[in-house]
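Chemist: Quick one: the structure is below, and I'll ask about it shortly.
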Amino acid sequence: NPATHDSSSPRPTPTPTPVNITGTVFQDLDGDGIKAVNEAGISGVVVSNGLTLTVTGPTGVYTLSKEGPFVFVTVPGNYIASGSWYRSVSGSQFDFGLKSAPEKNTDNFTFIHMTDIHLDTNNLLSFKEAVEEFQKISPDFIISTGDLVNAGDTKTISEAQATEWFGAYKTAISGLTMPVYNALGNHDVAYLDCESAAGAQAGCSKNAYRSNFGPAYYSFDWGHYHCVVLDPNEIKGGSQVFEINTAQ
């Protein structure tokens, strides 16, 4: 016979769901991404969850409400991230390591702006050749302002297809030794209906973009410049509209 529950016995107390995210932005001296005792926190660094933001205190500690899909930092103009500059919000404690980069702290730098790559089987080889040339030019960073892939030119695209082509793009740029900052273009999300998943909505390939590249809007500093990347691709009533939403 199944055991009966003794209502007089104490029930285990459920673990409360964290309502905040905390962590430390620190000077990662050995570049391993793990805060050591001798690695001090960095004050004044902006940390955001995509809806609100805060600034690290004197010891590099920050606290944010647990909202949105990511927590991320605006890397200052005299640092580089020693690991990822963003984290998927799955836990409640995230540290960010930064390495000193005094060479960034200048008004004189070079970057490559590429856009409308529309990567597909027809131009994958030529794009790889362009990437080899980028590496020879050796700019300080590269900014890619959307339409990374061409799959969105079709009427519909599955999240799996988007993942495949974003993966091909990532593989093509994997040999670059300088940072690459990406933005989301209309071809990356246009008319993107997921394949036969229950409750699927147009534009679901944004999930694939976020899985590969992180936040669709963010900022970074380079030298004395503050650079802001925005995402104007919104889905309303199953259709794509172009606007900068309130959160941004």
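Chemist: If a residue must be assigned to a loop (DSSP other than H, G, I, E, B) and closer than 21 Å to Trp222 by Cβ, how many such residues does segment 108-141 contain?
Modeler: Step one: filter segment 108-141 for residues assigned to a loop (DSSP other than H, G, I, E, B), giving 108-110, 115-118, 120-123, 138-140.
Those left that are additionally closer than 21 Å to Trp222 by Cβ: 108-110, 115, 138-140.
Qualifying residue count, segment 108-141: 7.
Chemist: Quick one: what pairs do we get from segment 114-136, first residue more than 14 Å from Val149 (Cα to Cα), second surrounded by 15 or more Cβ atoms within 10 Å (Cβ to Cβ) and aliphatic (A, V, I, L, M), C-beta under 6 Å, 6+ apart or different chains?
Modeler: From segment 114-136, the pairs are Val131/Ala172; Val131/Ile173; Phe134/Ile112; Gln135/Leu176.
Chemist: Here is a follow-up. What residue, among those in segment 120-155 that are of a type in the set (Gly, Ala, Ser) and modelled with pLDDT of 95 or more, is least open to solvent (accessible area, probe 1.4 Å)? So that I can check it myself, show each step before the final result.
Modeler: First, pick out the residues of segment 120-155 that are of a type in the set (Gly, Ala, Ser): 126, 130, 138, 144, 146, 151-152.
Narrowing further to those that are modelled with pLDDT of 95 or more: 126, 130, 138, 144.
Numbers: Ser126: 65, Ala130: 30, Ser138: 71, Ser144: 0 Å².
Ranking the qualifying residues of segment 120-155, first place goes to Ser144.
One line per residue, one yes/no per condition, for (1) part of a loop (DSSP other than H, G, I, E, B); (2) over 30 Å from Ser138 (Cα atoms); (3) open to solvent by less than 50 Å² (accessible area, probe 1.4 Å):
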position	(1), (2), (3)
Glu39	yes, yes, yes
Thr54	no, yes, yes
Tyr62	no, yes, yes
Ser90	yes, yes, no
Gly97	no, no, yes
Thr106	yes, no, yes
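Chemist: Tell me which of these Asn212 doesn't satisfy, since it passes every other one: (1) at pLDDT 80 or above; (2) under 24 Å from Phe72 (Cβ atoms); (3) of a type outside the set (D, E, K, R); (4) not in a helix (DSSP H, G or I).
Modeler: With respect to (1) at pLDDT 80 or above; (2) under 24 Å from Phe72 (Cβ atoms); (3) of a type outside the set (D, E, K, R); (4) not in a helix (DSSP H, G or I), Asn212 is out only on (4).
Chemist: Report whether or not Gly31 is touching a strand residue (DSSP E or B) at 6+ places or on another chain (Cβ under 7 Å) and either at pLDDT below 95 or over 23 Å from Tyr218 (Cα atoms) (or both).
Modeler: On the way: touching a strand residue (DSSP E or B) at 6+ places or on another chain (Cβ under 7 Å): yes; either at pLDDT below 95 or over 23 Å from Tyr218 (Cα atoms) (or both): yes.
Criteria met by Gly31.
Chemist: Another question about this same structure. Can you tell me which residue is surrounded by the most Cβ atoms within 10 Å (Cβ to Cβ) among those in segment 76-88 that are small (Gly, Ala, Ser) and in a loop (DSSP other than H, G, I, E, B)?
Modeler: Ser82
Chemist: Which condition breaks for Ile117 when tested against (1) open to solvent by less than 30 Å² (accessible area, probe 1.4 Å); (2) in contact with a strand residue (DSSP E or B) (Cβ under 6 Å, 6 or more places away or on another chain)?
Modeler: Tallying (1) open to solvent by less than 30 Å² (accessible area, probe 1.4 Å); (2) in contact with a strand residue (DSSP E or B) (Cβ under 6 Å, 6 or more places away or on another chain), Ile117 fails exactly one: (2).
Chemist: Here's another thing I want to ask about it. Identify, please: which residue in segment 202-248 is over 29 Å from Val45 (Cα atoms) and within 17 Å of the chain's Cα centre (by Cα) and is, among those, least open to solvent (accessible area, probe 1.4 Å)?
Modeler: Ser205
Chemist: For segment 41-52, what are the residues that are crowded, with 17+ Cβ neighbours inside 10 Å and assigned to a loop (DSSP other than H, G, I, E, B)?
Modeler: Step one: of segment 41-52, the residues crowded, with 17+ Cβ neighbours inside 10 Å are 41-42, 45-50.
If the condition is that a residue be crowded, with 17+ Cβ neighbours inside 10 Å and assigned to a loop (DSSP other than H, G, I, E, B), then Ile42, Val45, Asn49, Gly50 are the ones that fit.
Chemist: Name the residue that is nearest to Ile137 (Cα to Cα), counting only residues in segment 156-172 that are at pLDDT 90 or above and either part of a loop (DSSP other than H, G, I, E, B) or open to solvent by less than 20 Å² (accessible area, probe 1.4 Å) (or both). Spell out the reasoning first.
Modeler: Initial filter on segment 156-172 (at pLDDT 90 or above): 166-172.
The next check asks that each one be either part of a loop (DSSP other than H, G, I, E, B) or open to solvent by less than 20 Å² (accessible area, probe 1.4 Å) (or both); those that pass are 166, 169, 172.
Details: Phe166: 24, Tyr169: 20, Ala172: 17 Å.
Applying the filter and picking the extreme gives Ala172.
Chemist: Kindly check whether there is at least one residue in segment 41-64 that is free of Cβ contacts under 8 Å to residues at least 40 places away in the same chain and on the phi > 0 side of the Ramachandran plot.
Modeler: Yes.
The values are calculated or read from the model by the stated rules, or taken from the named source; none is laboratory data. In this text the structure is predicted, and so the values were computed from the model without any measurement. Every residue, glycine as well, gets a Cβ built from its backbone with ideal geometry; the counts of neighbours run over all protein chains shown. When the accessible area is computed, the model is the full protein with side chains, heavy atoms only, and any ligands, DNA or RNA have been set aside. Shrake-Rupley method; radii C 1.70, N 1.55, O 1.52, S 1.80 Å.
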